[in-house]
Amino acid sequence: MKSSLPSAFVEAQQYKKILQKYGAIAEADLPKQAISQDTFTFNNVTISLYFQPDIAPEGIHLRAEVMDIEEGTHPHMIHQCLAENLGRYHQNDPIFALAPDMKRMVALAYIPLSRASAPQLETIITKLANDINLKRMEVLSGQTASKTAPVRTSDYVTHQQRSAMSAQVWR
Amino acid sequence: MSQSKFVELIQELCLTMDIAQADQVLDGSPVCINNVSFSVIHDPIQSQERLYLYGSLGIDALKDNPEAQRALLGINQDLFLEYGMCLAITPTDNKLIICHGLSMESLTAKDIIEQMKYAASIADSCKELFTETPASFC
């Protein structure tokens, strides 16, 4: 019977176990009712973990609130966040985005269930919260250059430089 | 897996796309699909089992266009949550690119081409929207 269960159901059970493990590890910081809602606050950062079997059946999505963004403000910060995304994505770190209301900056990550474990979640969440708090401080202090996520662009830039001599066209 | 799987995939990709210089593609030279140049990268230090597609959308000068930047950052949520892709700007030359990480397990060259085609279609949408009404995003 086990093999006939929909894979999404099996994954959901795995997800639940991971959340329970994470809750056990970080019990001091995470209220139990927050775990049941999949949303909690860690180091002043509101974080949601959620499982979307219809979109991504093999992993957990993580979303963290970074800060409110007023229309027309912080253009340098938004540019910096977009520039950081290249390195962040390449390093499997959370990337920056705006929430659908376009008024809040969020950080997003995807954690494959095959490699998701309670210690890994804890590491990711701790690093994420630190990054976000540093980002907030950068904005408050008017800095635009981030020191939190070194951008690994050397490969890509090298490829760009090569592109003129060796681009292939295929449609 | 890792590097040998990556080499196999690139060779298969070049064969499928009728590209003679597989060595250059392995070394990061871009392939062009629907007018978008993609570099296919495998960095074992970052991830043994994933490869990354970086597609240059051919859009630049965003630094002086905060509305467009805001719009891009707004698109990123849906793009990431639904397709695992993300828009970014290269810090050095201020170009808009699309990033996509793919697990190499059970990946085929045809899958890579399909993903590149899809990313290229997003590039087209971005170009169209930014050249027409960038403010409509916000």
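Could you give the size of the charge dipole of chain B about its Cα centre, using +1 on the Cβ of each K and R and -1 on the Cβ of each D and E, expressed in debye and rounded to the nearest 20?
Once rounded to the nearest 20, the dipole reads 180 debye.
To test your reading of the geometry: what angle, between 0 and 90 degrees and rounded to tens, separates the Cα axis of helix B:3-17 from the longest principal axis of chain B?
In chain B, helix B:3-17 runs at an angle near 70 degrees to the longest axis.
Counting only other chains, and only Cβ atoms inside 10 Å, what mean value do you get across the residues of B:24-33?
Counting Cβ atoms of other protein chains within 10 Å of each residue's Cβ and averaging gives 5.
Tell me the label-point distance for the pair B:E128, A:T41, using the 7 Å Cα-to-Cβ offset, in nm and rounded to one decimal.
Here the modelled spin labels are 4.4 nm apart.
Shape of the stretch B:14-65 from its Cα gyration tensor (a ≥ b ≥ c, root eigenvalues): rounded if a/c is under 1.5, otherwise prolate when a/b > b/c, or oblate?
oblate
Please state, rounded to one decimal and in Å, the Kirkwood hydrodynamic radius that chain B gives when every pair of distinct Cα atoms enters the mean of 1/r. Present the calculation step by step, with values, prior to reporting the outcome.
On the way: mean 1/r = 0.0638 Å⁻¹.
Over chain B, the inverse of the mean reciprocal pair distance is 15.7 Å.
Among the listed pairs A:K103/A:K135; B:K5/B:K110; A:K103/B:K127, which are separated by more than 20 Å between their Cα atoms? Present the calculation step by step, with values, prior to reporting the outcome.
On the way: A:K103/A:K135 16 Å; B:K5/B:K110 15 Å; A:K103/B:K127 24 Å.
Violating the 20 Å limit, Cα to Cα: A:K103/B:K127.
No lab work stands behind these numbers, since they all come straight from the coordinates. Predicted model, so just to flag it, every value in this text is computed and none were measured. Here the Cβ is made from the backbone with ideal geometry for all residues, glycine too, and neighbour counts use every protein chain on show.
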